[in-house]
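Worksheet: one structure, shown below.
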Amino acid sequence: MGILEVKGVGKRFGGLQALGDVNLSIEENTVHAIIGPNGAGKSTLLNCLVGKLIPDEGSVTFAGTSVLGRKPHEINQLGISRVFQTPEIFADLTVMENMMIPCFAKRDGAFRMHAIENMEHEAELIAKAEKMLSDVGMLEKKDMIGSAMSRGDKRRLEIAMCLVQEPKLLLLDEPTAGMARADTNNTIALLKEIKETRDITIAIIEHDMHVVFSLADRITVLAQGTPLVEDTPDNIKGNPKVKEAYLGETQQV
Amino acid sequence: MFGLNKKDTTFLLIVIALTLFTPILMQPFAEGSGLAQFNGGYPDLMQKVAIFGIFAVGFNILFGLTGYLSFGHAAFLGIGSYAAVWMFKLLTMNVIPAILLAMVVSGIFAAAIGYVSLRRSGIYFSILTLAFAQMCYKMAYSVLTPLTNGETGLQLSLDDPRVLDGASEGHSLPVTNIFGLPMNASYKLEALGHVFTFNVGFYFSAVIAIIAFYVAIRLFRSPFGMMLRAVKSNQQRMTYTGLDPKPYTLAAFVISGMYAGLAGGLLAAMDPLAGADRMLWTASGEVVIMTILGGAGTLMGPVLGAGVIKYLENIFSKINEGVLHQWFSFLPDGLEDLVIWIFARFTGEGWHLTLGVTFMLVVTFLPGGLIEGLKRLNKRIKGGSKKRDKYDDPDPEHRPEPGKHVA
Amino acid sequence: METILLQLLNGLDKGSAYALIALGLTLIFGTLGVVNFAHGAIFMIGAFCAVTLSRLLSLSFETIDPTKVDFLGNPAKIKTPYVEAWFGHDFGGALIDWAVPLAILFSIPIMIAVGFAMERGLIKHFYKRPHADQILVTFGLAIVLQEIIKYFYGANPISTPAPDAFKGSFDFGAMLGFDPNMIIYPYWRLIYFGFAAVVIGAVFSFLQFTTFGMVVRAGMADRETVGLLGINIDRRFTIMFGLAAAVAGVAGVMYAPILSPNYHMGMDFLVLSFVVVVVGGMGSLPGAVAAGFLLGILESFASMNEIKAIIPGIDQIIIYVVAIIILLTRPRGLMGRKGVMED
């Protein structure tokens, strides 16, 4: 029994069957990659996991709890954090404030006023946020405004914001899309370090095979809205079905 | 001090000092001198500045921090006034229960209206708040006449019960007071050829305004204030961080509604009548103008905006052609007439034209408002790059992202 | 049945005005992505075009008629409008009488010029700014326009009559076979409705059947792509702004006999028209027209005594109540598209 169990999930948009009968089980403390050609339904699947979309059929269970019908913020509180394709941070806030918000969210669980309180009194949360920032090597940038940072730094900050919540499952949606080579390598190194030093399950959607093969323990290949094969990276490399799925795509292009 | 950092404390102390010495500061020109029309019309004008300052500071908590542009905040001002006048009629002429009730009632209305309006954002939110405010306005004129006294407006009358004050004596209406000290009492002091007036009503409004301002500073610097800025910055990230933005925006809406109610209650405390005109959408537009003019999202901006607009309104409406003739009498005749004609369009009756033009200029060239203007000026004078306070830094990044283009 | 028909008819003229203003608003929004709070002021300027033309045509000179005396015993002064002196009594008189319909021709170039000036001079600089800024700057502009009109025409409403031929009412019910004197309807209101229908039809067919209209519709759907095709979309959008201004302007001209123009009529109509646009769906032309008539007619029904007896004051607030309900149940309005103004 994995930490995340997806059973028979399907989703239609009008006449288009985006997902059909998806079964997926992600084991605790592994890195599980989901790959597939464009339009395979990777993003749709991810959106079904975090509550942005509601599947038409099937079930999604996280750590024994069904996530279906829950709002995105409730699902996050269950312990699923999401990193977006384009880094989603609070661009108008400082790096430190960006970190404090997930700290509050984790501690309070839901809406709390804290209207007259002083930020300086939250020493425990501040220490936690600073520790996390130094872990990802961004402590010296803590007073910078989010929008002033490079894309790589934004990504790093976003990952730190997710990690400071100590999620059980971290979802990464093409974390290196649109990045320069150096930034990509930094991100891979960071993710490897996270994988080795923390008790965390990571699910990653990725296009870049270099990223996938350097991180993943298991890989699911999605094609036309349904899982084609699930195996270890080494076996996936030699699988003819996978080649066909990708080659089919290149021929169309 | 007061749980504020050093900078904010200094800031607050300056505001307090300015307020205390207002009667002296606002009368720089001796009575009867040619420049006397530039004296701030104390105490009426200064009361208005304090009260509308409260209104704008409250509006800024919603608009400046969360980016939700409400076009119906005047409704809460009007509701506050009605509630306060009812308190004067039924219970006592003491202003304390009246403004408390004003805040509670407008808070309840804000909770209901906010709960519905905040289900939408962007222009839809603006239109919803506008629709609710217009509804309140129209209902005050029609169905709710028993409560609002329709077009005449709600006023005191001799046969009001006033349970706590007992039967009214004599044939004149009682005046609002604070524990027996009448609001319209003034103490005059003559010195240096000037007459300085210390007015109870003004000091009362000023003390309330300072408290309101202090609360706003605390709120801006608090984790709650940070959450509100996070709502403005990126709701998607907020949701995926496990926080529902709605209760935060609703809390901000209710707080700013209560500020508006407080301002409305104070208006009634200074002059115990309430009319539906206070709820008209142009009144809502006015508080938006004040906030933007000063600088939305900054602490001092709304107060500055309220002060500038109320001061200019007072001064400009007082300048008539006679005054202009005095000023420009040194010019040759034909030129004098031309200059006076131009100035006359913008003064007196033409005050609204000045307001509109100022407003357009500020939005076009100084989107951060006067605070940003002062900052730029300061920077140019000093030439150096001082470390800036992020709260008072209305850089373009701080403003709401332009809405998605029509897709 | 008669009462229902009567209320339906009563709602038509107001609904027409809402529809015409909302059409321009939504056109500007759809093409330029700008929320224009000064659109009501354009409607108001249109109405004052009618006032201006009727004043111009009535300009007179005085002559002394020695054969008659006034009540003080002085020789009577006779005012003769210049147009009567130039074109003869009959034709000149007709010109004065028909000032309001003539003002349509008079107003179109003026309104287009006003629209161009607004777009080139001000709105253009706000395309990339947040909607809040657009609302605020056009709100400031509306105040300025309103004050200018107030200076030239004063604060009081100026009554501007319709041509004699259309004054008064007729028994519309009897024409349709109902009992006489049940449905009395003023001619001018019917004219207004017909006029609005023609204008709306013209705008729609212009957008539907001309190349220009096709480009504009494409631009409304996807501005960037059209720009990439090498089409100068900006110039066309300027023209659209002029067109929207002209539509609102002629709507104002024709409304002058129904509501004596005053300087704040624009603001009054703007608030309602915005509600109409939002109810119809931002950026949807059919939505704006449908919602305009729908709300106009609903308002008219709500003012029936039978209904007011059940819910007092409903006539004052019906539009807002409906708007709130629609916005909460259909977030995009009646015919709105996805992705418009949802941030």
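Every number here is computed from the coordinates shown, using simple stated rules; none is lab data. Quick caveat: nothing in here was measured; it's all calculated off a predicted structure. Cβ sites come from the backbone with ideal geometry, for glycine too, and all protein chains shown count toward neighbours.
What is the local net charge at C:TYR18, summed over the other residues whose Cβ is closer than 15 Å to its Cβ (Lys, Arg +1; Asp, Glu -1)?
Working: positive: C:LYS14, C:ARG189; negative: C:ASP13, C:ASP268, C:GLU299.
It works out to a net charge of -1.
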- Message: Which entries of A:LYS131/A:LYS154; A:LYS142/C:LYS128; B:LYS379/C:LYS128 have Cα-Cα distances beyond 20 Å here?
- Response: A:LYS142/C:LYS128; B:LYS379/C:LYS128
- Is the shape of region B:6-281 best called rounded, prolate or oblate, per the rule: a/c under 1.5 gives rounded, else a/b larger than b/c gives prolate, else oblate, with a ≥ b ≥ c the square roots of the Cα gyration tensor eigenvalues? oblate
- Check the straight Cα-Cα distances from B:LYS246 and name the lysines below 19 Å, setting aside those fewer than 8 residues away within the same chain. A:LYS52, A:LYS71, A:LYS106, B:LYS232
- Task: Would you kindly state how much longer the chain becomes between C:PHE152 and C:GLN208 on full extension, computed as 0.36 nm times their sequence separation minus their alpha carbon distance, in nm to one decimal?
- Result: 16.2 nm
- Note on the structure: Computed about the Cα centre, the charge dipole of region A:90-165 from +1 Lys/Arg and -1 Asp/Glu charges at the Cβ has a magnitude in debye, to the nearest 20, of 360 debye
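Based solely on its DSSP helices, what 222 nm [θ] is calculated for chain A when runs of n ≥ 4 H residues each add -39,500 (n - 2.57) and the sum is averaged over all residues, nearest 500 deg cm²/dmol? Can you show the working numbers first?
Details: 9 runs with 99 residues, N = 253.
Helix-only estimate at 222 nm: -12000 deg cm²/dmol.
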- Task: Would you kindly derive the ³J(HN,Hα) couplings of region C:142-152 from the backbone phi angles with the Karplus curve 6.51 cos²θ - 1.76 cosθ + 1.60 (θ = phi - 60°), listing them in order in whole Hz, with x for Gly and Pro?
- Result: 4, 4, 4, 4, 4, 5, 5, 4, 4, 5, 7
- Non-local amide H neighbours of B:ASN199 (under 5 Å, H modeled in plane, Pro and chain starts lacking H): which ones? B:TYR187
- Message: Cut-off under 16 Å on the C-alpha distance; same-chain residues fewer than 8 positions from B:LYS6 excluded. Which aspartates and glutamates are left, in chain and number order?
- Response: A:GLU120, B:ASP389, B:ASP392
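Let me know the mean shielding of B:229-238 by other chains, meaning the per-residue number of their Cβ atoms within 10 Å of its Cβ.
Values: counts 5, 8, 1, 3, 10, 9, 2, 5, 12, 7.
Rounded to a whole number, the mean comes out at 6.
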- Item | Per-pair calculated FRET efficiency, R0 = 22 Å: A:ASP56 and B:GLN236 via Cβ, rounded to 0.05 | 0.40
- Coil-residue trypsin sites (Lys or Arg not before Pro) of region B:59-141, DSSP, other Cβ within 10 Å capped at 16: B:ARG119
- region A:90-165: Rg to Rh, with Rh as the Kirkwood radius over Cα pairs: 0.96
- Give, in nm to one decimal, the length gained when the segment between A:MET144 and A:ALA189 is fully stretched (0.36 nm per residue of separation minus the Cα-Cα distance). 13.9 nm
- Query: For B:ASN94, which sequence-distant residues (separation of 5 or more, or a different chain) have an amide H within less than 5 Å of its own amide H, given hydrogens modelled in the peptide plane?
  - Reply: B:ASN177
- Would you kindly derive the ³J(HN,Hα) couplings of region B:6-16 from the backbone phi angles with the Karplus curve 6.51 cos²θ - 1.76 cosθ + 1.60 (θ = phi - 60°), listing them in order in whole Hz, with x for Gly and Pro? 4, 4, 5, 5, 4, 4, 5, 5, 4, 4, 4
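Express the C-alpha Rg of region A:123-253 as a ratio against the empirical globular expectation 2.2 N^0.38 Å, rounded to two decimals. Could you put the intermediate results ahead of the total?
Values: Rg = 17.3 Å, N = 131, 2.2 N^0.38 = 14.0 Å.
Ratio of Cα Rg to 2.2 N^0.38 Å: 1.23.
For region A:157-253, which trypsin sites (Lys or Arg not before Pro) are in a loop by DSSP, counting at most 16 other Cβ atoms within 10 Å? Display every interim value, and only then the final one.
Details: sites: A:LYS168, A:ARG181, A:LYS192, A:LYS195, A:ARG198, A:ARG218, A:LYS237, A:LYS241, A:LYS243; in loops: A:LYS168, A:ARG198.
Hits after loop and neighbour filter: A:ARG198.
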- The FRET efficiency for C:ASP90 and C:GLU62, from their Cβ-Cβ distance with R0 = 25 Å and rounded to 0.05, is 0.70
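How fast does chain C diffuse by Stokes-Einstein, in µm²/s, taking the Kirkwood radius from C-alpha pairs at 20 °C and 1.002 mPa s?
Numbers: Rh = 21.7 Å.
The calculation lands on 99 µm²/s.
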- Message: What translational diffusion coefficient, to the nearest whole µm²/s, does the protein assembly as shown have by Stokes-Einstein, given a Kirkwood radius computed over alpha-carbon pairs, a temperature of 10 °C and 1.306 mPa s viscosity?
- Response: 49 µm²/s
- Item | Zone of B:VAL339's modelled label, taken as backbone nitrogen in region B:305-328 under 19 Å from a point 7 Å along Cα→Cβ | B:316, B:319-328
- Mind listing which chymotrypsin sites (Phe, Trp or Tyr not before Pro) in region B:311-387 are in a DSSP loop and have 11 or fewer other Cβ atoms within 10 Å? B:PHE330
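Take the cross-link list B:LYS138/C:LYS308; A:LYS141/A:LYS168; A:LYS42/A:LYS243 and give me the ones stretching past 20 Å between alpha-carbons. Don't skip to the end; give the middle numbers.
Details: B:LYS138/C:LYS308 14 Å; A:LYS141/A:LYS168 27 Å; A:LYS42/A:LYS243 18 Å.
Correct reply: A:LYS141/A:LYS168.
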- Item | In nm, spacing of pseudo-spin labels at C:ASP222 and C:ARG330 (7 Å Cα→C-beta vector) | 2.6 nm
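Would you please give the FRET efficiency between C:ILE78 and C:VAL198, computed as 1/(1 + (r/R0)^6) with r the Cβ-Cβ distance and R0 = 30 Å, to the nearest 0.05?
Details: r = 40 Å, r/R0 = 1.34.
The pair C:ILE78/C:VAL198 has a calculated efficiency of 0.15.
For chain C, what does -39500 (n - 2.57) per DSSP helix run (n ≥ 4), summed and divided by total residues, give at 222 nm, in deg cm²/dmol to the nearest 500?
On the way: 15 runs with 234 residues, N = 343.
Using -39500 (n - 2.57) per qualifying helix, the result is -22500 deg cm²/dmol.
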- Set of aspartates and glutamates near C:LYS68 by C-alpha distance (under 16 Å), chain-local residues within fewer than 8 positions excluded: none
- Summing +1 for each Lys or Arg and -1 for each Asp or Glu, what net charge is found among the other residues whose Cβ lies under 11 Å from the Cβ of A:ALA129? -1
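Could you pull out the longest piece of chain C with no exposed loop trypsin sites (Lys or Arg not before Pro) in it, calling a site exposed if DSSP puts it outside H, G, I, E, B and it has at most 14 other Cβ atoms within 10 Å? Please list the in-between numbers first.
Numbers: sites that count: C:LYS128, C:LYS167, C:LYS338.
Looking at chain C, C:168-337 is the longest stretch - no exposed trypsin sites (Lys or Arg not before Pro) with at most 14 other Cβ atoms within 10 Å.
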- Query: Tell me, what HN-Hα J-couplings in whole Hz come from the Karplus equation 6.51 cos²θ - 1.76 cosθ + 1.60 at θ = phi - 60° for each residue of region C:208-219, using x for Gly and Pro?
  - Reply: 7, 10, 9, 4, 4, x, 5, 4, 5, 5, 4, x
